[in-house]
Every structure is written in C-alpha cells, then in structure tokens.
Amino acid sequence: MKKIFLNIFIFTFSFLSVSINAQTKAELEQQRKKYKKEINQLNKLLFSEQKKEKNALEELRDLNQKIELRNKLLATIESETKLLSRKINTNESKLKKLKTNLASLKEDYAEMIYKSYKSKSQQSRLMFLLSSQNFYQAYKRMEYMKQYTKFRKKQGESIVVQTKVIDSLNIQKIEKDTLLVFEKNQKTEIENDKKNQENLISTIKKRENKYKRDLRNKIKEDKLIAARIDKLIKEEIARANRKIKNKPKTVKRNEFILSPEAKVLAANFESNKGKLPWPIEQGLITRKFGVQPHPTFPGITINSTGLHFVTAKESDAEAIFDGEVLNILVGSGGIKNVMVRHGNYISSYNNIESSYVKKGDKIKTGQKIGKIFTDKVSGKTKLVFSLFKNTKRLNPSSWILKR
C-alpha cells in the first residue's frame with residue numbers, strides 16, 4: 001500500500017514538473033489580447049467611417065498596418081498552439097499510466113476504508129492496545145494507528161490531485177482547439193485584406209504619377225510646417241532668455257537659460273523618460289518618428305517629425321507633463337499647434353481644432369489642452385505629437401509609456 005502511494009506521488013511530481021511554463025503562456029496570452037485590441041481599434045478608427053472622398057494611397061497604408069498587426073497576432077497564436085502541443089504530447093504518454101495508477105490507488109483506498117470500517121469501533125481499538133504484551137508495544141501500536149489515519153487522509157488528497165491533473169490536460173486540449181479555430185478565422189481575414197490590398201495597388205498603379213505628385217506636395221508642406229515650428233521655438237527661446245536676470249557668462253545659442261525652478265521641472269521631466277502618459281486617452285499610433293521609406297513608392301522617403309496618433313471623434317489632446325503654454329501656432333483653416341514648455345523640454349500638440357488654453361497658462365499632467373481636429377474628407381481624428389529638447393527634436397516613443 002505504501003509502495004503504491006509513493007509511486008503515485010513521484011509520478012504526480014514528474015507530471016507537474018513538465019506542465020506549461022505559466023509565465024511564457026501568460027506573456028503570449030497577454031500579447032494576443034494586445035494585438036486583438038489594436039486590430040479592433042484599427043477597424044473602429046480607420047475603417048468604420050464612411051469617407052467622403054476615397055484616397056487609395058491612404059487606404060492602402062491603413063490596410064497594410066492592419067495586415068501587419070494580423071500577422072503578428074497569427075505568429076502569437078501559432079506560438080501558443082505549439083507550446084500547448086508540446087506539453088500535451090509530453091503529458092499524453094503519461095496520461096495512460098496516470099489513469100492506471102489512479103485506478104489502483106482508488107482500489108487500494110477503498111480496501112483500506114473497508115478494513116477501517118470493520119475495525120472502526122472504539123472498543124476494537126482499545127482492545128488492540130490493551131492486548132499489547134508491554135508498554136513499548138502499546139506505544140508502537142498507538143503510533144501505528146496515528147500514522148494509519150494520517151496515511152488514509154493523504155491517500156484521499158492524492159486522489160483529488162490526480163483527478164485535477166487529468167482535468168487540467170483536458171482543458172489544455174480544449175484551449176488548443178479554440179486557438180486553432182481562432183487562427184483559421186484570422187487567416188481568412190488576412191486573405192480578404194490581401195485581396196483588397198491587391199485591388200488598391202492596381203488602382204494606385206493606374207494613377208501613379210498623380211499620387212506621387214500629391215505625395216511630394218504633402219512632404220514639401222510638412223517640411224514648411226516643421227521649419228515654421230523650429231523658427232518659432234528659436235524665437236521663444238530668445239524671448240525667454242531676454243527676461244532672465246543675472247545671465248551666466250557663457251550662454252549656448254538656441255538653448256533655454258533655466259531658472260532654479262525650471263531646472264527642477266526639467267530634471268523631473270527627464271526622470272520620467274519612458275513613463276510619460278500618452279497625449280490621447282485612447283487610440284493608436286499610425287506613423288512612427290524619423291526618416292522612413294514610403295510603404296508604396298520605392299525611392300521616396302518620409303521624415304516624420306513626431307508621432308501620428310489616430311483617436312475617436314470629439315477626443316481631446318492631453319498634456320503629458322506639468323508645464324507652461326509656450327505658444328499657440330495657428331495654421332491654415334485655423335488649425336492650431338499648442339506648445340507646452342517643461343523647463344528646457346517642449347511638447348507639441350498639432351492638429352488642434354479648438355484650444356482650451358492660452359499662452360502663459362500653467363498646465364498640469366493630464367490636463368485637456370484642446371479638441372483634436374477631425375478631417376471631414378478622411379473621417380480621421382489625428383494628433384501629431386512632437387517632442388523637443390531646446391530646438392532638438394526627440395523620438396517621443398522613447399519617452400511615453402509602451403501600450
């Protein structure tokens with residue numbers, strides 16, 4: 001009886017030792033949920049709106065982003081199913097033996113309970129003790145009775161453990177089947193997206209010259225806006241420095257002279273690198289920072305001066321840190337760019353329809369600073385967010401929280 005229990009205990013330990021790595025599985029599951037959420041946001045923010053005027057180039061860019069996300073989701077699902085398959089295959093070979101041992105354990109336990117029942121009376125136990133030849137034998141018999149009771153309890157607990165292990169394996173199989181169905185659905189969605197992608201590419205090729213001309217004009221316009229912002233920042237730095245009394249002997253060009261309070265603010269801002277909140281409550285990034293090749297036309301590069309966020313209609317831009325409104329630049333159509341100073345750092349919120357703040361206002365982290373403009377043609381609500389240290393442009397992705 002003790003031998004059976006020992007074998008079962010060792011087998012259970014070895015079975016559980018090869019169970020799925022909980023951390024790896026949890027990470028994959030979290031990643032899968034993240035990609036699903038991003039795809040849902042893409043569909044809601046980029047594809048649910050009925051556009052007044054279709055732009056094949058813009059639609060293709062959005063579709064490419066969705067296909068890329070779906071491929072990442074598929075890769076995650078495949079990793080999950082492979083992980084489950086490996087563990088199921090390893091454990092399945094042991095499952096048969098486990099069931100056999102479990103049956104033996106139950107049979108042995110039933111026999112033990114029956115024998116215990118036959119001698120369960122207090123009188124039988126007392127007679128067993130009194131019939132001892134000496135005190136030492138009586139002590140040993142009492143210890144045996146205690147151990148027997150404890151062993152019987154462990155046998156019952158072991159049966160429960162074995163049953164749960166078998167149930168756990170069955171759950172793994174169900175989970176794997178569910179993932180395979182989900183994977184199949186995603187592959188179907190990708191095939192549909194790729195068909196649309198081919199149609200859009202065909203449309204673009206027919207009017208390639210026009211799209212290239214429009215694209216170059218847009219790149220030129222973006223450069224002019226960036227130059228205007230750079231010039232404004234330089235002017236604001238010069239204006240702020242003129243107000244400083246007791247200037248240091250050496251002042252670097254196009255750099256803020258910081259008061260003690262401004263130095264503290266800048267240091268606090270710097271210490272929060274990678275932990276700053278997003279400038280929107282909900283949404284996603286549709287364009288990264290920096291020079292990058294155009295996804296459709298080889299040889300054409302885009303210099304993104306900030307991050308492009310897409311969010312829901314009627315959404316507001318929110319300050320990423322405490323500071324003061326440095327200036328509000330008004331562009332064509334009354335669209336605004338609100339710039340907030342944080343010591344010698346500047347955060348810029350471009351494509352604001354209506355501003356809730358004015359130049360010189362003190363700002364708190366998370367404060368709503370303006371309503372983001374929604375393009376009536378594309379139906380998109382987009383915020384262009386930039387970050388500077390003095391006049392140097394920074395990559396905002398390195399400063400804001402990862403989502």
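The values are calculated or read from the model by the stated rules, or taken from the named source; none is laboratory data. The shown structure was predicted, so the numbers you read here are calculated from the model rather than taken from an experiment. Every residue, glycine as well, gets a Cβ built from its backbone with ideal geometry; the counts of neighbours run over all protein chains shown. For accessibility, only protein heavy atoms count, side chains too; no ligands or nucleic acids. Shrake-Rupley method; radii C 1.70, N 1.55, O 1.52, S 1.80 Å.
What value in Å³ per residue do you get for the convex hull of the alpha-carbon atoms in the stretch 274-403?
Hull volume normalised by residue count: 117 Å³.
What percent do you get for the relative contact order of the stretch 233-373 when only Cα pairs under 8 Å and 6+ apart count?
It rounds to 21 percent for the stretch 233-373.
Taking θ as phi - 60°, what are the ³J(HN,Hα) couplings along the stretch 337-352 by the Karplus curve (6.51, -1.76, 1.60), each to the nearest whole Hz, with x for Gly and Pro?
Here the 3J(HN,Hα) series is 10, 8, 10, 10, 9, 10, x, 9, 10, 9, 9, 10, 10, 9, 5, 8 Hz.
Quick one: if you stick a label point 7 Å off each Cα along the C-beta vector at S271 and A238, how many nm between them?
A separation of 3.5 nm, rounded to one decimal place.
Amide H to amide H, which residues 5 or more places from I363 or on other chains are under 5 Å from it, using H placed in the peptide plane?
G323, E324, V325
Students sometimes get this wrong: rank R403, R61 by accessible area, probe 1.4 Å, all chains present, largest first.
Heavy-atom accessible area, descending, gives R403, R61.
Note the full-extension length gain between D361 and N134 as 0.36 nm times their separation in residues minus their Cα-Cα distance, in nm to one decimal.
Working it through step by step, the gained length comes to 72.1 nm.
Please identify every one of the trypsin sites (Lys or Arg not before Pro) in the stretch 260-350 that sits in a loop by DSSP and has no more than 13 other beta carbons within 10 Å of its own beta carbon.
Answer by residue number: K273, K275, K313.
Provide the per residue accessible area, probe 1.4 Å, for the stretch 208-262, rounded to a whole number of square angstrom.
Value for the stretch 208-262: 79 Å² per residue.
Which shape class applies to the stretch 262-312: rounded if a/c is under 1.5, otherwise prolate when a/b exceeds b/c and oblate if not, where a ≥ b ≥ c are the square roots of the Cα gyration tensor eigenvalues?
Numbers: a/c = 4.18, a/b = 1.81, b/c = 2.31.
It comes out oblate by the Cα gyration axes.
Given H placed on each backbone N at 1.01 Å, which residues far from S304 in sequence or on other chains put an amide H within less than 5 Å of it?
For S304, whose amide H was placed from the backbone, the distant partners under 5 Å are G290, V291, Q292.
Whole-Hz Karplus ³J(HN,Hα) for the stretch 64-74, in order, using 6.51 cos²θ - 1.76 cosθ + 1.60 and θ = phi - 60°, x for Gly and Pro?
For the stretch 64-74, the Karplus curve yields 4, 5, 5, 4, 4, 5, 5, 5, 5, 5, 4 Hz.
Given a 1.4 Å probe and every protein chain left where it sits, what share in percent of the accessible area of the stretch 272-403 is carbon and sulfur?
The computed percentage sits at 52.
Taking the Cβ of P277 as the centre, find all other residues whose Cβ is under 11 Å away and add up their charges (Lys, Arg: +1; Asp, Glu: -1).
Numbers: positive: K275, R403; negative: E281, E318.
It works out to a net charge of 0.
Return the long-range amide H neighbours of N344 (sequence gap of 5 or more, or a different chain), with a cut-off of under 5 Å between placed amide H atoms.
Counting only residues 5 or more places away or on other chains, the set is A266.
Convert each backbone phi in the stretch 251-265 into a coupling constant with the Karplus relation 6.51 cos²θ - 1.76 cosθ + 1.60 (shift: θ = phi - 60°), then list the ³J(HN,Hα) values in order as whole Hz, x for Gly and Pro.
My calculation for the stretch 251-265 gives 10, 6, 5, 6, 10, 5, 7, 9, 6, x, 5, 5, 5, 5, 4 Hz in order.
Rounded, prolate or oblate for the stretch 183-303? Axes are the square roots of the Cα gyration tensor eigenvalues, ordered a ≥ b ≥ c, and the cut-off for rounded is a/c under 1.5.
Taking the square roots of the gyration eigenvalues as a ≥ b ≥ c, the stretch 183-303 is oblate.
Highest first, please rank the peptides 27-33, 219-225, 244-250 by the mean number of other Cβ atoms sitting within 10 Å of their residues. Please list the in-between numbers first.
Details: 27-33: 15.1, 219-225: 12.6, 244-250: 7.4.
Listed from highest to lowest mean packing, they are 27-33, 219-225, 244-250.
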